[in-house]
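> Below is the structure I would like to discuss, written out as structure tokens.
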Ligand code: NA7
């Protein structure tokens, strides 16, 4: 028998930006609702990822809630791309301002959730011995919250310190005087390496695949820019929602082809976008993300920049990617490539000679042992499905989500999966999620889910589930849209390709505005594609 038993309308798993807004909306509707959160406080991604240099790759004036104009007006961001502590402070402010904390059970993990047809409800078990029965189970577990630590042999033999960027100690780490290894060169590595290099006596980076990174051109947020946006926030937000990734409306997004420009004009355009910084580099021409030749021209430009910045030609070559630019998520950095000019920083290519094992004092690759005081795993996440699957969710007829998704995730609209009634996923696979401004994405989902639950109650219906054929069609739509881009051409976490044994399926839906339009139509036509009981 569980220590504590509660009967509620809804359980929301995760108290990041998605879970917090969902709790707020359902609470306002008068539903009884409980949040369950693994961490000791709110913030989700921004609670866990406290590594040095961690910041969002979407600008703060855009990566923020829009549901409350008072909140929009009162909060002051200090940098163009705010750092993790400031985003976490914002999450805490939201939790306090909207009185969310009391409804959240912290330091608690969902260990199981089983659908009971009798009573049309979910039975949820937690690591604290709670058992909750709830009509609705809403998974706001985040897209990048299950850390991926490669299963290197000898991991338990290594006697130094190990850290994963996505589970960084809150008190921080002082690497002063240490020999440090960073494994990985994704966004987390690219953000943290310049700062770790400033502290460590010696830093060695183990790179399997070089990555494209554009300078973030971060800096203090100009108060005049912030004031101008705040005066017209509703308009800025509306224009952002019409953008493919729900941000960047105020920066020119060109439609012309890189192939039509003269070499000089192309170089000038790329240079202007490099100087602007970040993701918007992809908007320099209309076909960078769609056409291999255009993409190759953009990639050449970035490789040229790397060769200019990095003084040692061998290191520069190792750092030059030869993959499709933007296929793996483009990184935004502050001084990443220049860090390799420091005498205390070394780059080891493990593309042909993988890390074989960890030893008592370090690690071995290509038959050579390297010794370290600390090893940082910047090795990413079991993205989009990892956090959902670890909750041991069992739907109708005893089918587990793990079994159902054994060949890859299948959803209708990225919101529900057939056979799992009243289970909603926020920014689930099959929704724009990581390919759009996440806060805009979670607000959109929370509002859709809240209206659907309100509608069910009005109609006196106990159950909503995805229809099988609607789900099949949606899976095809997601694949078709990805197939029209260059995304399937590399081993990215969007495809699950970074986790050994994970099915290779492109998970996010490409194109936020079309997605929003589809959900609007679904809703206006009586929730087509859903079945009710
Ligand atoms: P990423 O982008 O998945 O990067 C993980 C890095 O770790 C990447 O360079 C991987 O190389 C490397 N990796 C993973 N496993 C290994 C092994 N076994 N050996 C060597 N190297 C390995 O994760 P991040 O945390 O940096 O960023 C995730 C997202 O968070 C990012 O896109 C932003 O949206 C924020 P690979 O490329 O797979 O060869």
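> For the chain, what is the calculated [θ] at 222 nm in deg cm²/dmol (nearest 500), taking -39500 (n - 2.57) for each run of four or more DSSP H residues and dividing by its residue count?
That calculation yields -9500 deg cm²/dmol at 222 nm.
> Order of 520-526, 139-145 by packing, highest average Cβ count within 10 Å first?
Highest to lowest by the protection proxy: 139-145, 520-526.
> Right, something else. Can you give the alpha-carbon Rg of segment 114-167 over 2.2 N^0.38 Å, where N counts its residues?
Normalised Rg, Cα atoms only: 1.81.
> May I ask for the distance between the Cα centers of segment 85-142 and segment 258-307, given as a whole number of Å?
44 Å
> Okay, next question. If a/c stays under 1.5 just call it rounded; otherwise compare a/b with b/c (prolate if a/b is bigger, oblate if not). Do that for segment 400-458, with a ≥ b ≥ c from the square roots of the Cα gyration tensor eigenvalues.
Verdict is oblate for segment 400-458.
> Okay, moving on. Going by alpha carbons, how many degrees (0 to 90, nearest 10) lie between the helix axis of 292-309 and the longest principal axis of the chain?
50 degrees
> Using only alpha carbon pairs under 8 Å that are at least six residues apart, calculate the relative contact order of segment 1-134 and give it in whole percent.
31 percent
> Hey, fewest Cβ within 10 Å first, where do 13, 499 land in order?
With the fewest neighbours first, 13, 499 line up as 499, 13.
> Before anything else, pin down the relative contact order of the chain: Cα pairs under 8 Å, at least 6 apart, normalised by residue count, whole percent.
That works out to 19 percent.
> Which order do peptides 481-489, 510-518 fall in by mean Cβ count within 10 Å, highest first?
510-518, 481-489
> DSSP beta bridges in the chain, what fraction antiparallel, as a percent rounded to 5?
40 percent
> Tell me the angle of helix 84-97 to the major Cα principal axis of the chain, expressed in degrees between 0 and 90 and rounded to the nearest ten.
20 degrees
> Once the principal axes of the Cα atoms of segment 292-345 are found, what is the range along each, listed largest first in whole angstroms?
Answer, in whole Å and largest first: 37, 20, 14 Å.
> Give the shape of segment 159-207 as rounded, prolate or oblate, defined through the alpha-carbon gyration tensor: a ≥ b ≥ c are the square roots of its eigenvalues, a/c under 1.5 means rounded, and otherwise the shape is prolate if a/b is larger than b/c and oblate if not.
Since a/c stays below 1.5, the shape of segment 159-207 is classed as rounded.
> How large is the convex hull of the Cα atoms of the chain per residue, expressed in Å³ as a whole number?
Once divided by residue count, the hull of the chain is 153 Å³.
> Evaluate 2.2 N^0.38 Å with N set to the residue count of segment 261-313, then give the Cα radius of gyration divided by it.
1.13
> Now for a different question. Computed over the Cα atoms of segment 400-533, what is the convex hull's projected area averaged over all directions, in nm²?
Directional mean of the projected Cα hull area for segment 400-533 stands at 8.1 nm².
> With the contact rule set at Cα under 8 Å and sequence spacing of 6 or more, what percent relative contact order holds for segment 170-285?
23 percent
> Can you tell me the 0 to 90 degree angle between the C-alpha axis of helix 512-524 and the longest principal axis of the chain, rounded to 10?
Its long axis makes an angle of about 10 degrees.
> Given the convex hull over the Cα atoms of segment 297-419, what projected area results after averaging over all orientations, in nm²?
Projected over every direction and averaged, the Cα hull of segment 297-419 covers 12.1 nm².
> Based on alpha-carbon centroids, what's the gap between segment 511-533 and segment 149-211 in Å, whole number please?
Answer, in whole Å: 44.
> What ranking do 12, 475 get, fewest neighbouring Cβ atoms within 10 angstrom at the top?
475, 12
> What is segment 202-258 by shape, rounded, prolate or oblate, if you read a ≥ b ≥ c off the alpha carbon gyration tensor as root eigenvalues and call it rounded for a/c under 1.5, prolate for a/b larger than b/c, and oblate otherwise?
Cα axes put segment 202-258 in the oblate bin.
> Right, here's the next one. Quick check on packing: order 60-68, 26-34, 331-339, 306-314 by the mean number of other C-beta atoms within 10 Å, highest mean leading.
The most tightly packed comes first, giving 331-339, 60-68, 26-34, 306-314.
> Listing 360, 305, 328 from the residue with the fewest other Cβ atoms within 10 Å to the one with the most, what is the order?
Taking fewest neighbouring Cβ atoms as first place, the list is 360, 305, 328.
> Can I ask one more? If one puts a single equal scatterer on every Cα of segment 466-533 and applies the Debye formula without solvent, what log₁₀ I(q)/I(0) results at q = 0.19 Å⁻¹?
Debye curve over Cα of segment 466-533, log10 I(q)/I(0) at q = 0.19 Å⁻¹: -0.84.
Any read-out appearing in this document is the output of simple, stated calculations on the displayed coordinates, not a laboratory observation. The structure presented is a predicted model; accordingly, all values stated were derived computationally and were not measured. Note: ideal-geometry Cβ built from the backbone for every residue, glycine included; neighbour counts use all protein chains shown.
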